[in-house]
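The values are calculated or read from the model by the stated rules, or taken from the named source; none is laboratory data. Note that the coordinates shown come from a computational prediction; the quantities given were computed from them, not determined experimentally. Glycine also receives a Cβ, built like all others from the backbone with ideal geometry; neighbour counts cover every protein chain displayed.
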Ligand SMILES: [Zn+2]
């Protein structure tokens, strides 16, 4: 499927905290911006895909499914799907690429909408998967009853093992958070704009050791739309098509957060290795990195998974200034989820596309032509390479 | 309120083993692979005859985290969660709360023994330091 699909438009709503705006209002705003970006009208959209689909297991985590968005936007589609069990939050974009590559659709609207900030405030509940259910099944049932209720616990014990094996310290993760905040200050759309110092980072309260408050991403209200088009149809769009050069979705271990033999690696390592098999490009060819940062610790994992440095070397790679503003391999140039807000990977991809189109303003990476995007943490992972010609 | 697991044919022995003070792990009766979380089929050889056997109930901390955030209103914090490599069951880890210890004293490599907390029809494993 290589080079048969391209991203042709992206759009994001005004991300905020406690906006009290309906999810659909965010979604429509993002869709209008994405269509305008692509130079398309709603009648051009003939496919729709999302992750995970409408879900009520965690407040505001996924208030919209494909059905209501089709209805609200009056779409007539030839392909639709919501993917809760695919390879990461990227699954709808991958499925859209496969749909256009096999002729099922020409222009697929992929979306992610969240109202976690307003909904968690209203429900006075944190993002706890499965909370409120009488009994839990699946992999959650081996973690949540033990008290491991939050993904910050699961990421916490990954980080603790990684620290133990490779000598990483909280300061290294602080550099990730501080670098992303510096980028956020150059991005008017990012929710966290105040400067962040190492003292601030280290003084913040612990959440699940070794992860503190600034190691965790920020719940927000917002929506993001990414339009995936068939390569031939993409040529008629307003912007230069961003070719999907390669994707990776491999997973070599079972779907748990504690049983993978080496928890200093994760699903990202399997998916990324598979992605590189499908391209002649190499890590040194990449200009912009969009790496999942639901927790700061995922950034060094993704850096190693994608081969930007060796296993255990991410702490030095980070400390050498490679990933922050001005670095050779800038990561999450819009502020990431740590400072831009949790749009479950879609915000990271939005920023990568913004960079490839040269719209990055004060944070623009000079002559950015290629980007890699990695979404997910733990066993959840999907990788994608984008390039413009 | 602690959310509890739903009991199934494959996991009942694991969640009820604590009634007899036993950590029950699922094994393949053909290739002897340890299977966790419990399943009805062996993922190595697809044998459908699986059996639950009591293991020693000891293990070594592979990793841990100390949780400081009360995720639900009645949660008492801080507490440590340990991911423990279980003795006599190669490749199996049981993640559970650490009890009878200062959470800040838990370390990787520490030896643990299982104990149980009974809630309704579930016996949740917990880890306590052996020394
Ligand atoms: Zn077997």
*If you check B:13, B:19, which single one turns out to be touching a residue at least 60 places away in the same chain (Cβ under 8 Å) and more than 25 Å from residue B:106 (Cβ to Cβ)?*
B:19
*asked:* Among the residues that make up region B:53-69, is at least one of them assigned to a loop (DSSP other than H, G, I, E, B), under 21 Å from residue B:128 (Cα atoms), in contact with a helix residue (DSSP H, G or I) (Cβ under 8 Å, 6 or more places away or on another chain) and without any contact (Cβ under 8 Å) to a residue 60 or more places away in the chain?
replied: no
*Pick from region A:19-42, criterion in contact with a strand residue (DSSP E or B) (Cβ under 7 Å, 6 or more places away or on another chain) and outside any helix (DSSP H, G or I), ranking: nearest to residue A:341 (Cα to Cα)*: A:19
*In region A:172-217, which residues are closer than 21 Å to residue B:78 by Cα and part of a helix (DSSP H, G or I)?*
A:201, A:202, A:203, A:213, A:214, A:215
*For region A:169-183, does any single residue satisfy the condition of being at pLDDT 95 or above, more than 7 Å from chain B (Cβ to nearest Cβ) and over 24 Å from the mean Cα position of the chain (by Cα)?*
yes
*Restricting attention to region A:81-100, which residues are touching a helix residue (DSSP H, G or I) at 6+ places or on another chain (Cβ under 8 Å) and not in a loop (DSSP other than H, G, I, E, B)?*
A:81, A:82, A:93, A:100
*Within the group B:96, B:80, which residue is in contact with a helix residue (DSSP H, G or I) (Cβ under 8 Å, 6 or more places away or on another chain), within 30 Å of residue A:123 (Cβ to Cβ), within 8 Å of chain A (Cβ to nearest Cβ) and free of Cβ contacts under 8 Å to residues at least 40 places away in the same chain?*
B:96
*(1) more than 16 Å from the ligand (Cβ to nearest atom); (2) in a strand (DSSP E or B): which one isn't true of residue B:15, the others all being true?*
(2)
*Residue by residue through region B:99-131, note down the ones that are within 10 Å of chain A (Cβ to nearest Cβ), surrounded by fewer than 21 Cβ atoms within 10 Å (Cβ to Cβ) and assigned to a loop (DSSP other than H, G, I, E, B).*
B:107, B:108, B:109, B:120
*State whether the residues of region A:275-289 include one that is within 21 Å of residue A:221 (Cα to Cα), assigned by TED's automatic domain parsing to the domain that holds residue A:209 and in contact with a strand residue (DSSP E or B) (Cβ under 6 Å, 6 or more places away or on another chain).*
no
*residue B:39: in contact with a strand residue (DSSP E or B) (Cβ under 6 Å, 6 or more places away or on another chain), facing chain A (nearest Cβ under 10 Å) and modelled with pLDDT of 95 or more, yes or no?*
no
*Identify, please: which residue in region B:43-52 is within 20 Å of the chain's Cα centre (by Cα) and within 14 Å of the ligand (Cβ to nearest atom) and is, among those, surrounded by the most Cβ atoms within 10 Å (Cβ to Cβ)?*
B:50
*Scan region A:43-80 residue by residue and report those that are outside any loop (DSSP other than H, G, I, E, B), under 19 Å from the mean Cα position of the chain (by Cα), closer than 17 Å to residue A:26 by Cβ and at pLDDT 95 or above.*
A:48, A:50
*Residue check: is residue B:68 within 9 Å of another protein chain (Cβ to nearest Cβ) and either within 16 Å of the chain's Cα centre (by Cα) or within 16 Å of the ligand (Cβ to nearest atom) (or both)?*
no
*For region A:135-158, does any single residue satisfy the condition of being under 27 Å from residue A:44 (Cβ atoms) and either in contact (Cβ under 8 Å) with a residue 24 or more places away in the chain or buried (at least 19 other Cβ atoms within 10 Å of the Cβ) (or both)?*
no
*Hits in region B:18-36 - residues which are near the ligand (Cβ under 10 Å from one of its atoms), more than 14 Å from every other protein chain (Cβ to nearest Cβ) and part of a loop (DSSP other than H, G, I, E, B)*: B:29, B:30, B:31, B:32
*residue B:49: free of Cβ contacts under 8 Å to residues at least 24 places away in the same chain and within 21 Å of residue B:121 (Cα to Cα), yes or no?*
no
